[in-house]
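Take a look at the structure set out below.
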Amino acid sequence: MRAAVPAAALGAALAALAAPLPSRAGEIPDAMIVLEASLDQPWREAAAAPPRFVLLKDGQVFVGGSDRVYAGRLEKAEMQTVEKRAQQIRKLPALGTLVAFGADTKKSFRLRLLKDKPLDLHITGDPRAALPQMQALASFVADLATFYHPSLRPYTPSAYALAVREGALVGGCRPWGFTVSLPQAVSMAQAIPAAEASGWPTGADAASVCVGDKRYVVTLRPLLPGEHP
């Protein structure tokens, strides 16, 4: 049996949960389960990475990496298996919205179970370090984070969420080339058609844009069907 996490370490882990993952402004229509995961590369823009796993009510499933998304579809029996595991998570005793798998705060996850009464879990740590009473949750998170299904194929989004902030990246920069104005994009993420994103880095891979003497960090997050920035 694993030893209990020391109180001080647990407190530090829970404190780190305050903002482990950037919040998404938009919601994914008909999503039943959504898992977001932190990136191992701190130089990338985590807020622009697609969700790690999304399951829709019709069985459609999306699996995201740092920049790309793959789409597939689960059979009814496969969906029922995933839903059953999600229901087991809801029944865990004394389950709070903040969960620490050990004291490591480098890894973080956000798991949302959206069917019926929504459950939003913010998690830190390596699932392999979870205490015995959290093994069901830990194994579920680990399986979704590495999910594979033979139906998965590259997904081509019809739109991207364009987000901009002031900042400089290493290397050169591009001119502004979108129909949305720069002030609009700085104030709030904007949806742009996929054609405008052609030739630009997408997902957590950012681009640098120069306008006058100012430099901006530009990201393009792939949007799932019906999703808005």
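The values are calculated or read from the model by the stated rules, or taken from the named source; none is laboratory data. Being a predicted model, the structure only gives us computed values, none of them experimental. Because the Cβ atoms are built from the backbone with ideal geometry, glycine has one as well, and the counts that use them run over all protein chains shown.
Couple of notes before you dig in:
- Residues satisfying the stated conditions in region 1-42, i.e. part of a loop (DSSP other than H, G, I, E, B) and modelled with pLDDT of 80 or more: E27, I28, P29, D30, S38, L39, D40, Q41
- Residue in region 73-93 that is assigned by TED's automatic domain parsing to the domain that holds F140, of a type outside the set (A, V, I, L, M), at pLDDT below 95 and in a loop (DSSP other than H, G, I, E, B) present: yes
- Residue satisfying all of: in region 195-217; surrounded by 16 or more Cβ atoms within 10 Å (Cβ to Cβ) and charged (D, E, K, R); nearest to A48 (Cα to Cα) among these: D205
- Across region 26-52, the qualifying residues are those that are acidic (D, E) and crowded, with 22+ Cβ neighbours inside 10 Å, and the one among them that is farthest from G64 (Cα to Cα) is E45.
- Taking each residue of region 178-199 that is more than 17 Å from C210 (Cα to Cα) and looking for partners that are among the aliphatic types (A, V, I, L, M) and modelled with pLDDT under 95 with beta-carbon atoms closer than 9 Å, six or more apart or interchain, yields M188/A25; A189/A25.
- Hits in region 66-111 - residues which are of a type in the set (S, T, N, Q) and in contact (Cβ under 8 Å) with a residue 24 or more places away in the chain: S66, Q88, T97, T105, S108
- Just one of the listed residues (A145, A130, A103, A136) is aliphatic (A, V, I, L, M) and within 23 Å of G65 (Cα to Cα), namely A145.
- Residue tally, condition part of a strand (DSSP E or B) and either under 8 Å from the mean Cα position of the chain (by Cα) or not polar (S, T, N, Q) (or both), over region 43-72: 12
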